[in-house]
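Read the figures in this text as sums done on the coordinates, not as results from a lab. Treat the numbers as computed from the prediction; the structure is a model and nothing was measured. Counting neighbours? That spans all protein chains shown, and the Cβs are built from the backbone with ideal geometry, glycine included.
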Amino acid sequence: MNPTRSGELTRKTRETEVCVSLDLDGTGKSDIQTGIGFFDHMLEQVARHGLVDLKVHAKGDLYVDGHHTVEDVGIALGDVLASALGDKKGVRRYGFAYVPLDESLSRVVLDLSGRPGLVFEAAFTAPSIGGLDTQLVREFFRGFANHAMVTLHVDNLRGENAHHQAESIFKAFGRALRMAVEPDPRMKGIIPSTKGLL
């Protein structure tokens, strides 16, 4: 068990250097610098709506494109979440949220299962939003799910504006994460699985 429910790490590759810190019992504060403005805005939504304190500083090969940076931030965030959760005793385990943003509606369902998996359904109406290739939204969540060892379902149910589609997804993700990692007083000291392990 991790009594502080927080963690930090630096991930260095030939393509990126990503530093992430996360406090699951925060207040929604964020310090995000990835070099991709819209991606920064989306990560701020995760912190605010997830009520986690999140710091992400990333330097990547943006002269190529944003792929390595966005994917590696997802990987690093997943690793830090896994560390912050420890053995997962006493958490709710499951989280879900529906979030509208004007004409857009997204649903995110999350299970701290110990088994990585992503189902992602979003037909973005534009190829890019503020410097973020919309294809990379999936890559962020794939990297996160694989390294956090969570099962994650992300669905944009409707939307006409790509900014609204993405923002409703990230807000819903923050809300679902908040629910899943929240301590459940009735599960104190108990791993929420009949297997006794997550």
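Points to keep in mind about this one:
- Working note: Karplus 6.51/-1.76/1.60 with θ = phi - 60° gives the range 82-93 the couplings 4, 5, 5, 7, x, 7, 6, 4, x, 8, 6, 6 Hz, where Gly and Pro are set to x.
- Listed pairs K29/K188; K29/K59; K29/K171; K12/K195; K59/K88; K12/K55 exceeding 24 Å between Cα atoms: K29/K188; K12/K195; K59/K88
- FRET efficiency estimate (nearest 0.05) - Cβ-Cβ, Q135 to D87, R0 41 angstrom: 0.70
- Cleavage-rule hits, trypsin sites (Lys or Arg not before Pro), the range 1-54, DSSP coil, Cβ neighbours within 10 Å at most 16: R14, K29
- Spatial separation of Cα centroids for the range 83-98 and the range 119-137, in angstrom: 27
- By the beta-carbon count within 10 Å of each Cβ, the least crowded to most crowded order of L77, L105, fewest first, is L105, L77.
- Looking at the chain, the DSSP beta bridges with both ends there are about 80 percent antiparallel.
- Intensity falloff of the chain expressed as log10 I(q)/I(0), Debye formula with alpha-carbon point scatterers, at q = 0.09, 0.14, 0.17, 0.19 Å⁻¹: -0.30, -0.74, -1.09, -1.35
- Relative contact order of the range 6-187, taken over Cα pairs closer than 8 Å and 6 or more residues apart, is 28 percent.
- Computed about the Cα centre, the dipole magnitude for the range 6-187 is approximately 620 debye when only Lys and Arg (+1) and Asp and Glu (-1) carry charge, each at its Cβ.
- Histogram of C-alpha separations across the range 74-126, 10 Å bin width, %: 17, 44, 29, 10, 0
- Theoretical FRET efficiency, 1/(1+(r/R0)^6), r = Cβ-Cβ of M187 and L9, R0 30 Å, to 0.05: 0.65
- Put simply, the amide H of Q33, placed in the peptide plane, has neighbours under 5 Å in V56, H57, A58, leaving out anything fewer than 5 places away on its chain.
- Karplus-derived 3J(HN,Hα), 6.51/-1.76/1.60, for each residue of the range 159-170, Hz, glycine and proline x: x, 10, 10, 4, 4, 5, 4, 5, 5, 5, 5, 5
- Rg over Rh for the range 1-111 works out to 0.99, using Cα positions for both radii and the Kirkwood form for Rh.
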